[in-house]
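Comments concern the structure below.
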Amino acid sequence: MATIPSYASLGASSYFINHRSGYGLIPASDLPKFMRCAPSWERNHISIQNCLTAGGREAICSCAIERSVPPCQELNMEEQPQMPSSCGGESLIEVVNPGLRTPILDLGTDALKLGGKYDKELLIAVRAVQLACALCQRVQERLLKNEEKVNSKDDSSFVTVADWSVQAVISSVLSQSFDGEQISMIAEEDTQALIDGSDLLQGVVSTVNECLSEAAMFGLSPPKKLLGTVDVLKAINKGSSKGGPTGRHWVLDPVDGTLGFVRGDQYAVALAMIEDGEVVLGVLGCPNYPMRREWLNYHHRYYQLMSKLSPSGSGVWSKGCVISAQKGTGQAWMEPLVNDVIKLGLSNVARPVTVSSIDDPLLATFCEPVEKTNSSHSFTAGLAHSLGLRNRPLRVYSMAKYAAIARGDAEIFMKFARAGYKEKIWDHAAGVLIIQEAGGVVTDAGGSPLEFSKGIYLEGLDRGIIACSGVQLHKKIIEAVDASWDSSRL
């Protein structure tokens, strides 16, 4: 029989939350936030009782006995970390209507099937991204507890210890795994801010060494000694390559969607490989991307609380995946995070993912960036209306949008940058290949393939980027863009 918590220890300001996924206590001060985050269709599955009322005591006893679970622990709705005022009041991920598609929870039994030209590179890349995801999870947890600071770049965008640390870790892993090869890497971060801030640099060095000490758990060889300050700076600066039409270049966005990352929401670790101007390998690590499609409909803080309410090891609310592909195989693969395999006992296998078969705009869901800084929501909203799209847009931080298309959670991703903004290849390379190998189509708004051979920018981009689950939808969007573009102010 489960141990029943002492009522005296609960306090008059606590409420007992009994949900179909689990149960726990929540301070009264957090109850309004909990109810604001809970979607309306979930509220019928939530029982809330004051802990010191007769009904509350009875509910706690009944639940503990019925479920044979340990004592309640007090849970808090996690607050957003302190951020620079330039963050503004932009809303968090929007709630969309729940879908009826098949949940992705059963990871299947098929082992990862290789047999492509870049098998070795793919395995190393997947392991490196898995390792980087574990680093990001630790840093994000510290950010949400205000144990880490959020920094700003010269352009007022956010950067954290995780951005530099992931770049150093993946650079180190690639250099060690392909010993003897001259590694060329195009990556987002440089070391200027680190050189100017010694405390920040020491934090990065510590985070990098902590992460690399676990390399063996991810199938990688750990370094023979701890990396020093100079070693870490050199590893980060290996990402300063300018790319080009010839040779092999790794492309990395260490934390894509930093705004989502610091808010506890979606982000991605994106690693790709370009050979002679073509993307031939792509890996997306999405630590907060739910394994079940319907959980995308939930406010991320509600999701966090429900994860804590779930019994330990249940995996009911498990999230996080790595999706990968290599050119020419016609397949994309999804696997759980290694941390979840260990903690939840999930099967450590990959399963194939494919794009949605929906080709009717009336049934399609489209993704667009949450941030309005470099994209036009009004133009995409107008396109959606002209196409007859009825579903509310899925606004997601980072390249998790590409994962949504590849996995069949949405059908369309459109991004039309504001005048003067140039798209960078690390924001798209991995995701583009994954969608293509999963059966989708990605081009610019003129229908031409994206050009990754011109350096760090997507040069020659015609108006914007359109990613679709199929050819028919893609054709309709191209036509709609042509019909609407002259009247737009982009």
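The values are calculated or read from the model by the stated rules, or taken from the named source; none is laboratory data. Just so we're clear, the structure is a prediction, and the values are computed from it rather than from any experiment. Cβ atoms come from the backbone with ideal geometry, glycine included; neighbour counts cover every protein chain shown. Protein only, heavy atoms only, side chains kept; ligands, DNA and RNA dropped before computing areas. Shrake-Rupley method; radii C 1.70, N 1.55, O 1.52, S 1.80 Å.
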Subject >> Pairs with Cβ under 7 Å, 6+ apart, first in the stretch 420-436 and of a type in the set (Phe, Trp, Tyr), second in a strand (DSSP E or B) >> reply: 426/186; 426/187; 426/251; 426/252; 426/253; 426/270
**OP:** Could you check, for the stretch 383-400, whether at least one of its residues is touching a His at 6+ places or on another chain (Cβ under 8 Å) and at pLDDT 80 or above?
**Re:** yes
Original post:
Taking the stretch 150-186 on its own, how many of its residues are among the charged types (D, E, K, R) and either under 23 Å from residue 458 (Cα atoms) or modelled with pLDDT of 95 or more (or both)?
Top reply: 4
Original post:
Looking only at residues in the stretch 141-159 that are more than 15 Å from residue 255 (Cα to Cα) and under 18 Å from the mean Cα position of the chain (by Cα), which one is least open to solvent (accessible area, probe 1.4 Å)?
Top reply: 144
Original post:
With respect to the numbered conditions (1) open to solvent by 40 Å² or more (accessible area, probe 1.4 Å); (2) at pLDDT below 75; (3) over 22 Å from residue 134 (Cα atoms); (4) in contact with an Asp or Glu (Cβ under 6 Å, 6 or more places away or on another chain), which one is the sole condition not fulfilled by residue 358?
Top reply: (2)
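Going through the stretch 413-422 one residue at a time, which ones are at pLDDT 80 or above and either open to solvent by 10 Å² or more (accessible area, probe 1.4 Å) or in a helix (DSSP H, G or I) (or both)?
Residues satisfying the conditions are 415, 420, 421, 422.
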**OP:** Return the residue satisfying two criteria in turn: it lies in the stretch 317-348 and is part of a loop (DSSP other than H, G, I, E, B), open to solvent by less than 50 Å² (accessible area, probe 1.4 Å) and not small (Gly, Ala, Ser), and of such residues it is modelled with the lowest pLDDT.
**Re:** 317
Original post:
If you check residue 218 against the conditions, is it of a type in the set (Phe, Trp, Tyr) and closer than 19 Å to residue 241 by Cα?
Top reply: no
Subject >> Any chance residue 446 is over 24 Å from residue 277 (Cα atoms), open to solvent by 20 Å² or more (accessible area, probe 1.4 Å), out of contact with any strand residue (DSSP E or B) (no Cβ under 9 Å at 6 or more places or on another chain) and not assigned by the TED database to the domain that holds residue 249 >> reply: no
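Assess whether residue 434 counts as being open to solvent by less than 40 Å² (accessible area, probe 1.4 Å) and assigned to a helix (DSSP H, G or I).
Taking the combined requirement at face value, the residue satisfies it.
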**OP:** Just name the residue that is modelled with the lowest pLDDT out of those in the stretch 371-382 that are open to solvent by 10 Å² or more (accessible area, probe 1.4 Å) and either within 30 Å of residue 333 (Cβ to Cβ) or not in a loop (DSSP other than H, G, I, E, B) (or both).
**Re:** 377
**OP:** Could you please find all residues in the stretch 451-471 being surrounded by 21 or more Cβ atoms within 10 Å (Cβ to Cβ) and either in contact with a His (Cβ under 6 Å, 6 or more places away or on another chain) or without any contact (Cβ under 8 Å) to a residue 24 or more places away in the chain (or both)?
**Re:** 468
Original post:
Is it the case that some residue within the stretch 394-405 is in contact with a Phe, Trp or Tyr (Cβ under 6 Å, 6 or more places away or on another chain), on the phi > 0 side of the Ramachandran plot and either hydroxyl-bearing (Ser, Thr, Tyr) or in a loop (DSSP other than H, G, I, E, B) (or both)?
Top reply: yes
Subject >> the stretch 217-231 residues that are at positive phi, paired with ones that are of a type in the set (Val, Ile, Thr) and part of a helix (DSSP H, G or I) (beta carbon under 7 Å, 6 or more apart) >> reply: none
Original post:
In the stretch 400-412, is there at least one residue being open to solvent by 20 Å² or more (accessible area, probe 1.4 Å) and within 16 Å of residue 370 (Cβ to Cβ)?
Top reply: no
